[in-house]
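Sending over a structure as structure tokens; questions will come in a sec.
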Amino acid sequence: MPTAHAAIITEANSPFTIETITVDPPQAGEVLVDIRAVGICHTDLALATGAFGTQFPAVLGHEGAGVVEAIGEGVTKVKPGDKVLLTFNSCGECARCRADDPSYCEHFVPLNLACMREDGSTRLHRDGAAVSGNFFGQSSFASKAVAHQRNVVKLADDADLATLAPLGCGIQTGAGAVMRSLAAQPGQSLAVIGGGAVGLSALLGGKLCGCAPIIVIEPNESRRLLATELGADHVIDPADGDAAEAVRRVVPSGVDLVVDTSGHLPAMISALGFIASKGKLGLVGVPAVSDATLPMPVFQWLTLGGTVRGIVEGDSDPDAFLPELIAYHAAGRLPFDKFVSYYPFEQINQAVADIHSGKSIKAVLTL
Ligand SMILES: [Zn+2]
Ligand SMILES: [Zn+2]
């Protein structure tokens, strides 16, 4: 039985501890990946609080990148030795998956957030006892992960795994929200709420689409400076007063496209005050409580002809969209590496502390 070292969450809100686990060999349709790098995403930290009913102990991690070590029966997409990027999982059979729209797979929640396989089993054990795994079909905070044929994307042999790892969730979510979900057109104005990894990726997606002007609303000064460096035309500190007024000073008729990456209800409500006629509001940020409700001013909204759009993983179809983003990065047009900091895997708790303090925007662990 292969063994691995994994960062385990033993109970809600406990720090990660690096321990030895056993990893079952891959079964039909599964891929065993030797993980070389893994990004830390907001959803990892949300599940670590126990808020999604995760059974502990658990191995999280869902921006893995590594090398295929073994494949299960029926796997044709990759072979041992291939470099791969791991991303979200999907069933491949429902109507959404058949329409190449897997981020809205009818089974997205059980396949990605249940931390167990559909039959209730796990591939991971510690001292013979089950450890929850299969998070986003991977649980890649470990030196080995069992993924599925559908949620691995083959990379070129010379691909840099540490650089590309965060594309699998955070970067594709932000960039895809603008490029795919809202299908931004050249010359459309764009406001991004939140200047974290997803928000800055939305900004970069807006640059790629030719949006102008691009406004980033973010309370942290260093993140506003970084947004400017990455091409934001205007940055707004919400602490300076009414954000809607500040946006309308830049674009008096309102903004065509708004992407909320903050999950912060007052920020989303403020967006209702600066959206343009026929404007679209994309909701990407997950609120802290699952029953958070956005009050809609119905008359205003219907006379605007506005659209509110929920967004998962930037509407990514990973086999097509991730290679597209990799090509943009190689051409220097998606410089997300400017907001990534690297940590040795063993320093996962330091990386999490730096994310919470704002010192790190996107942390990637290397193994
Ligand atoms: Zn599906
Ligand atoms: Zn994520």
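Suppose the filter is at pLDDT 95 or above, touching a His at 6+ places or on another chain (Cβ under 6 Å) and away from ligand 1 (no atom under 16 Å from the Cβ); does SER143 pass it?
Spelling it out, SER143 is indeed at pLDDT 95 or above, touching a His at 6+ places or on another chain (Cβ under 6 Å) and away from ligand 1 (no atom under 16 Å from the Cβ).
SER181 passes all but one of (1) closer than 24 Å to VAL68 by Cα; (2) within 16 Å of ligand 2 (Cβ to nearest atom); (3) open to solvent by 10 Å² or more (accessible area, probe 1.4 Å); which number fails?
(1)
Given THR22, THR43, which one is hydroxyl-bearing (Ser, Thr, Tyr) and more than 16 Å from ligand 2 (Cβ to nearest atom)?
Only one candidate passes the filter, namely THR22.
Looking at the structure I just gave you, is GLY305 of a type in the set (Gly, Ala, Ser), farther than 28 Å from ASP101 by Cα, open to solvent by 20 Å² or more (accessible area, probe 1.4 Å) and more than 20 Å from the chain's Cα centre (by Cα)?
no
Please determine whether any residue of the range 1-16 is among the small types (Gly, Ala, Ser), assigned to a loop (DSSP other than H, G, I, E, B) and in contact with an Asp or Glu (Cβ under 8 Å, 6 or more places away or on another chain).
Scanning the range 1-16 turns up no residue that is among the small types (Gly, Ala, Ser), assigned to a loop (DSSP other than H, G, I, E, B) and in contact with an Asp or Glu (Cβ under 8 Å, 6 or more places away or on another chain).
Can you name every residue in the range 309-351 that is open to solvent by 60 Å² or more (accessible area, probe 1.4 Å) and in contact with an Asp or Glu (Cβ under 9 Å, 6 or more places away or on another chain)?
ASP319, LYS338 - these are the residues of the range 309-351 that are open to solvent by 60 Å² or more (accessible area, probe 1.4 Å) and in contact with an Asp or Glu (Cβ under 9 Å, 6 or more places away or on another chain).
Looking at CYS105, CYS94, which is the one that is modelled with pLDDT of 95 or more and touching an Asp or Glu at 6+ places or on another chain (Cβ under 6 Å)?
CYS94
Does GLY39 fit the bill of being crowded, with 20+ Cβ neighbours inside 10 Å, in the same structural domain as SER143 (by TED's automatic domain parsing) and either closer than 28 Å to ASP158 by Cβ or among the β-branched types (Val, Ile, Thr) (or both)?
Taking the combined requirement at face value, the residue satisfies it.
So SER360 ticks every box in (1) among the polar types (S, T, N, Q); (2) surrounded by 15 or more Cβ atoms within 10 Å (Cβ to Cβ); (3) over 19 Å from GLY196 (Cα atoms) but one. Which box is left unticked?
Result: SER360 fails condition (3) only.
Let me ask another. Among the listed residues ASP100, ASP119, ASP127, which satisfies the condition of being open to solvent by 30 Å² or more (accessible area, probe 1.4 Å), within 16 Å of ligand 1 (Cβ to nearest atom) and more than 17 Å from the chain's Cα centre (by Cα)?
ASP100
The values are calculated or read from the model by the stated rules, or taken from the named source; none is laboratory data. Everything numeric in this text was worked out from a predicted model, so none of it was measured. For neighbour counting, all protein chains shown are included, and Cβ atoms are generated from backbone atoms with ideal geometry for every residue, glycine included. When the accessible area is computed, the model is the full protein with side chains, heavy atoms only, and any ligands, DNA or RNA have been set aside. Shrake-Rupley method; radii C 1.70, N 1.55, O 1.52, S 1.80 Å.
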